[in-house]
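Report on one structure; see the data block that follows.
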Amino acid sequence: MTLPGGVHAETYAQDRALIRTPWQWLWFAAFVAVLLLLPFLRPGGAVGIATVIGITLIAVLGLQLTSGCAGQINMGQSAFMGVGAYAAGALAVHLHWSFLMTIPIGGISAAVFGAVFGLAALRIKGFYLALTTIAAQYIFTFAMLKLPKEWFGQSEGLRMDPAVLGSFAFDTDNRIYYLVLAFAALMTYGAWGLMRSRTGRAFIAVRDNDNAAEVIGINVFYYKTLAFFIGAFYAGVAGALWAYYVRYVQADQFTLWLSVWYVGMLIVGGMGSILGAIVGTVVIRLLQELITVVGPQITDLLPTLGGQFVFAAMNMLLGGLIIVFVIFEPRGLVHRWNIVKESYRIWPFPH
Amino acid sequence: MPDVAAVSESAAMPARSAAPIIRVDGITLRFGGVTALADVSFEIGASEIHAIIGPNGAGKSCTLNCLNGFNLPQQGRLFLREQEITGFAPHRIARLGVGRTFQGLQLFAGLSVVDNLLTGRHLHMKTGALEGFIYRGWAHAEELRERRRVEEIIDFLEIKNIRHKLVGSLSYGLRKRVDLGRALAMDPKVLLMDEPMAGMNLEEKEDIVRFVIDIREALDIPIVIVEHDMHVVMDIADRITVLDWGHVIARGNPQAIKSDPTVIKAYLGAEVRR
């Protein structure tokens, strides 16, 4: 990566900084300001969409760590999310614990559940590992519907009260938005820290060449399990936030379908990059929201087509988009963006 | 890599001690019906350059794999400084100080040169996942400290100008140099090199030879080298072990090996004159 003209690192600390130039600081500050002021700038629908994006982002970041960075394919991220939602929900409903306790515990519960499936990764790779994690999805649904009704409510699910801090209840869209924003910011920061420290390098080492990783002293088994543990922890936190957002937890909310979408978001954004997880989540989520807006309009214009057809066609378009990325830009939007940035910086030279 | 240059300039030949660093005691390794190694024994003394040679399929890489813990021999035992390491997992053996470079390209293609070398420091670092998540104070300080260490190796291997490049974009010779750097970053007590010069041109080979000799002098560690280039082997090795079909057929200094009739037979297929 070429740096912008005139930017040189004089210390190793500068060389490792994520934000290097005044302009980058400015853009970053503007982005944060927009996020903070969003409920005032665009009240209503936008806040709801942003909340869902924030929750999805946390789950996709976790998947990025497991699959994109450590290379362990995981098709059960939404089940891990569900475990977090149920764990947090049950503790809040039955024991009336504060969300400050239930959200981390939801994360840990999901992490333990995920790590159990991660144990399989020692023996199996790729396609077979994907199938094993799909099993997590079915075990999760089955367990939630069959475990005693006093625990998780079986098919009725859990109804929850809003998260409360002292006398302040996160019971409006705007309030829950700030709660999700805080968690999303924390988890994003954490993911960046992880990836530029010892653990992140070990993940990439395991992904790129597990034999060489083992020889230089990286305990591959430990790091594969840890990758699942951390990825599922992110999912669990996302699930717990989801529980407080919709205030209703039910097994049908966490489907295999959703897990597949998360993988799609990674592919579009770019595997193995934290920024890729953010870009992919935002782009796909916004497109999905666009469909719910544009779909009915097309149905109004051409009533003969019928609503069902339009929605099916739009989903096919989204699926097609992912296929296009796999074929033409498997490294995602972030990689494309880096190429653009690089050629801008070294212009007029080709390389 | 403390003061590689300074020590090598003093050109002090390291003192030889009697106790072997590595002792391979009668290892036999079979894959199904194929016997890859049959009762192989040898010792690696302190700070010697020990070459293992032999025709293709002789069991050279298998020997290294046993030392690394990738293959578990059915019989025999392996010792590292009097400690038995037979049956240890590779990462445990690495922790005891066995560094290794690979045949072909075995780097982490998704990491830059600096980060590849930092993975070599993994053993000596302590930051866990939680400290990494927080990335304040300790984790950051450790990153900077290890970066300084790694920069010494970058200096030594003369790869400063490519430190931020992804290794996937480098030439073969440079990648092999990064591979060597990653092994050096482990602060190894013994260095295993599997065909470090295969596929290199003369200049690249000369560079590697220079590095190998400098490393031995600066770090005073034994280097076990598997190599096909006989000119190189005869020039730099203190002792040579020759394998053929899994058996040790000769061992000794380069002069003795060059004129050993069994070695000539194994390599050239010539009849041994009696």
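For region B:167-179, check the following and say yes or no: at least one residue is under 30 Å from A:ALA9 (Cα atoms), hydrophobic (A, V, I, L, M, F, W, C) and assigned to a loop (DSSP other than H, G, I, E, B).
So in region B:167-179, the residues under 30 Å from A:ALA9 (Cα atoms) come out as B:167-179.
Of the ones still in play, those that are also hydrophobic (A, V, I, L, M, F, W, C) are B:167, B:170, B:174, B:178.
Restricting the remaining residues to those that are assigned to a loop (DSSP other than H, G, I, E, B) gives B:170.
Yes - at least one qualifying residue is present in region B:167-179.
List every residue pair whose Cβ atoms lie under 6 Å apart, where the two residues are 6 or more positions apart in sequence or sit on different chains, the first residue falls within region A:322-349 and is in a helix (DSSP H, G or I), and the second residue, located anywhere, is open to solvent by 60 Å² or more (accessible area, probe 1.4 Å) and at pLDDT 90 or above.
If the second residue must be open to solvent by 60 Å² or more (accessible area, probe 1.4 Å) and at pLDDT 90 or above, the pairs left are A:VAL334/A:LEU275.
What's the number of the only condition in (1) in contact with a helix residue (DSSP H, G or I) (Cβ under 9 Å, 6 or more places away or on another chain); (2) in a strand (DSSP E or B) that B:VAL248 fails to meet?
Of everything listed in (1) in contact with a helix residue (DSSP H, G or I) (Cβ under 9 Å, 6 or more places away or on another chain); (2) in a strand (DSSP E or B), B:VAL248 misses just condition (1).
Could you tell me how many of the residues in region A:24-59 are in a helix (DSSP H, G or I) and in contact (Cβ under 8 Å) with a residue 12 or more places away in the chain?
17
B:MET193: in contact with a strand residue (DSSP E or B) (Cβ under 9 Å, 6 or more places away or on another chain) and more than 9 Å from chain A (Cβ to nearest Cβ), yes or no?
Answer is yes for this residue.
Limited to region A:1-18, what total is found for residues that are free of Cβ contacts under 8 Å to residues at least 24 places away in the same chain, assigned to a loop (DSSP other than H, G, I, E, B) and within 14 Å of chain B (Cβ to nearest Cβ)?
The total comes to 6.
Against the condition under 24 Å from the mean Cα position of the chain (by Cα), closer than 28 Å to A:VAL260 by Cβ and among the small types (Gly, Ala, Ser), how does A:ALA185 come out, does it pass?
Details: under 24 Å from the mean Cα position of the chain (by Cα): yes; closer than 28 Å to A:VAL260 by Cβ: yes; among the small types (Gly, Ala, Ser): yes.
Answer is yes for this residue.
When the residues of region A:118-170 are narrowed to those that are part of a strand (DSSP E or B) and open to solvent by less than 30 Å² (accessible area, probe 1.4 Å), which ends up nearest to A:THR66 (Cα to Cα)?
The qualifying residue nearest to A:THR66 (Cα to Cα) is A:LEU158.
Please identify the pairs in which a residue from region B:29-42 that is among the charged types (D, E, K, R) has its Cβ atom under 6 Å from the Cβ atom of a residue that is not in a strand (DSSP E or B), counting only partners at least 6 apart or on another chain.
Partner pairs satisfying both residue conditions: B:ARG30/B:GLN74.
Here are A:THR102, A:THR66: which of them is under 26 Å from A:GLY231 (Cβ atoms), β-branched (Val, Ile, Thr) and either within 14 Å of chain B (Cβ to nearest Cβ) or in contact with a strand residue (DSSP E or B) (Cβ under 9 Å, 6 or more places away or on another chain) (or both)?
Step by step, each of A:THR102, A:THR66 is checked, and only A:THR66 is under 26 Å from A:GLY231 (Cβ atoms), β-branched (Val, Ile, Thr) and either within 14 Å of chain B (Cβ to nearest Cβ) or in contact with a strand residue (DSSP E or B) (Cβ under 9 Å, 6 or more places away or on another chain) (or both).
Give B:ALA129, B:ALA141 a once-over and let me know the one that is in contact with a helix residue (DSSP H, G or I) (Cβ under 6 Å, 6 or more places away or on another chain), more than 20 Å from B:GLY97 (Cα to Cα) and within 10 Å of chain A (Cβ to nearest Cβ).
Every option except B:ALA129 fails the conditions.
Within the group A:VAL249, A:VAL268, A:VAL334, which residue is of a type outside the set (Phe, Trp, Tyr), touching a strand residue (DSSP E or B) at 6+ places or on another chain (Cβ under 9 Å) and farther than 16 Å from A:ILE58 by Cα?
From the options A:VAL249, A:VAL268, A:VAL334, the qualifying one is A:VAL249.
As an exercise: evaluate B:LEU64 against (1) at the interface with chain A (Cβ under 8 Å from one of its Cβ atoms); (2) more than 23 Å from A:GLY272 (Cβ to Cβ); (3) of a type outside the set (Asp, Glu) and give the number of the one condition it does not meet.
Condition not satisfied by B:LEU64: (1).
For region B:132-146, give me each residue that is touching a Leu at 6+ places or on another chain (Cβ under 7 Å) and either without any contact (Cβ under 8 Å) to a residue 24 or more places away in the chain or surrounded by fewer than 19 Cβ atoms within 10 Å (Cβ to Cβ) (or both).
Scanning region B:132-146 gives B:GLY132, B:PHE133.
Could we say that A:GLY332 is open to solvent by less than 50 Å² (accessible area, probe 1.4 Å), modelled with pLDDT of 80 or more, out of contact with any Phe, Trp or Tyr (no Cβ under 6 Å at 6 or more places or on another chain) and not hydroxyl-bearing (Ser, Thr, Tyr) here?
Numbers: open to solvent by less than 50 Å² (accessible area, probe 1.4 Å): yes; modelled with pLDDT of 80 or more: yes; out of contact with any Phe, Trp or Tyr (no Cβ under 6 Å at 6 or more places or on another chain): yes; not hydroxyl-bearing (Ser, Thr, Tyr): yes.
Considered against the rule, which asks whether it is open to solvent by less than 50 Å² (accessible area, probe 1.4 Å), modelled with pLDDT of 80 or more, out of contact with any Phe, Trp or Tyr (no Cβ under 6 Å at 6 or more places or on another chain) and not hydroxyl-bearing (Ser, Thr, Tyr), A:GLY332 comes out as yes.
Mind listing whichever residues of region A:107-116 are within 14 Å of A:SER67 (Cα to Cα) and surrounded by fewer than 23 Cβ atoms within 10 Å (Cβ to Cβ)?
The answer is A:ALA115, and nothing else.
Check B:THR119 against each of (1) within 9 Å of chain A (Cβ to nearest Cβ); (2) part of a helix (DSSP H, G or I); (3) more than 19 Å from the chain's Cα centre (by Cα) and name the one condition it does not meet.
With respect to (1) within 9 Å of chain A (Cβ to nearest Cβ); (2) part of a helix (DSSP H, G or I); (3) more than 19 Å from the chain's Cα centre (by Cα), B:THR119 is out only on (3).
Quick one: what pairs do we get from region A:106-118, first residue over 18 Å from A:GLY89 (Cα atoms), second open to solvent by 50 Å² or more (accessible area, probe 1.4 Å), C-beta under 7 Å, 6+ apart or different chains?
Here the result reads A:GLY114/A:PHE229; A:ALA115/A:PHE229; A:GLY118/A:PHE229, each pair linking region A:106-118 to a residue that is open to solvent by 50 Å² or more (accessible area, probe 1.4 Å).
Kindly indicate whether any position in region B:89-110 is more than 8 Å from every other protein chain (Cβ to nearest Cβ), more than 27 Å from A:PHE229 (Cα to Cα) and free of Cβ contacts under 8 Å to residues at least 60 places away in the same chain.
No, there is no match, as no residue in region B:89-110 is more than 8 Å from every other protein chain (Cβ to nearest Cβ), more than 27 Å from A:PHE229 (Cα to Cα) and free of Cβ contacts under 8 Å to residues at least 60 places away in the same chain.
The conditions are (1) within 13 Å of chain B (Cβ to nearest Cβ); (2) open to solvent by less than 50 Å² (accessible area, probe 1.4 Å); (3) closer than 26 Å to A:TRP97 by Cβ, and A:LEU186 fails exactly one of them. Which is it?
So A:LEU186 meets the others, but not (2).
Yes/no matrix, rows are residues, columns are (1) within 16 Å of B:ILE53 (Cβ to Cβ); (2) modelled with pLDDT of 90 or more; (3) touching a His at 6+ places or on another chain (Cβ under 6 Å); (4) not acidic (Asp, Glu):
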site	(1), (2), (3), (4)
B:ARG210	no, yes, no, yes
B:ASP220	no, yes, no, no
B:VAL224	yes, yes, yes, yes
B:HIS228	yes, no, no, yes
B:HIS231	yes, no, no, yes
B:MET234	yes, yes, no, yes
B:LEU243	yes, yes, no, yes
B:ILE249	yes, yes, no, yes
B:GLY252	yes, yes, no, yes
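Listed here are the residues, each with its yes/no results for (1) open to solvent by 30 Å² or more (accessible area, probe 1.4 Å); (2) of a type in the set (A, V, I, L, M, F, W, C).
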site: B:THR28; (1), (2): no, no
site: B:ILE49; (1), (2): no, yes
site: B:THR63; (1), (2): no, no
site: B:GLN75; (1), (2): yes, no
site: B:LEU80; (1), (2): no, yes
site: B:ILE93; (1), (2): no, yes
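One residue is enough: does region B:99-113 have a residue meeting the conditions at positive phi, under 18 Å from the mean Cα position of the chain (by Cα) and surrounded by fewer than 19 Cβ atoms within 10 Å (Cβ to Cβ)?
Looking through region B:99-113, at least one residue is at positive phi, under 18 Å from the mean Cα position of the chain (by Cα) and surrounded by fewer than 19 Cβ atoms within 10 Å (Cβ to Cβ).
Go through region B:155-179 and report how many residues are open to solvent by less than 50 Å² (accessible area, probe 1.4 Å) and either over 20 Å from the mean Cα position of the chain (by Cα) or within 12 Å of another protein chain (Cβ to nearest Cβ) (or both).
Result for region B:155-179: 6.
Assuming B:GLY76 fulfils every condition listed in (1) more than 13 Å from chain A (Cβ to nearest Cβ); (2) at positive phi; (3) not in a strand (DSSP E or B) apart from one, which condition is it?
Unmet condition: (3).
Could you check region A:205-222 and list, in sequence order, the residues that are closer than 19 Å to B:LYS126 by Cβ, at the interface with chain B (Cβ under 7 Å from one of its Cβ atoms) and open to solvent by 20 Å² or more (accessible area, probe 1.4 Å)?
Selection gives A:ASN219 alone.
Is it the case, given these coordinates, that B:ALA129 is open to solvent by less than 30 Å² (accessible area, probe 1.4 Å), within 23 Å of A:LEU194 (Cβ to Cβ) and small (Gly, Ala, Ser)?
When the stated conditions are applied, B:ALA129 passes them.
The values are calculated or read from the model by the stated rules, or taken from the named source; none is laboratory data. What you are looking at is a predicted structure, and each value in this text was computed from that prediction instead of being measured. We place every Cβ from the backbone using ideal geometry, glycine too, and count neighbours over all the protein chains shown. Accessible surface areas use protein heavy atoms only, side chains included; no ligands, DNA or RNA. Shrake-Rupley method; radii C 1.70, N 1.55, O 1.52, S 1.80 Å.
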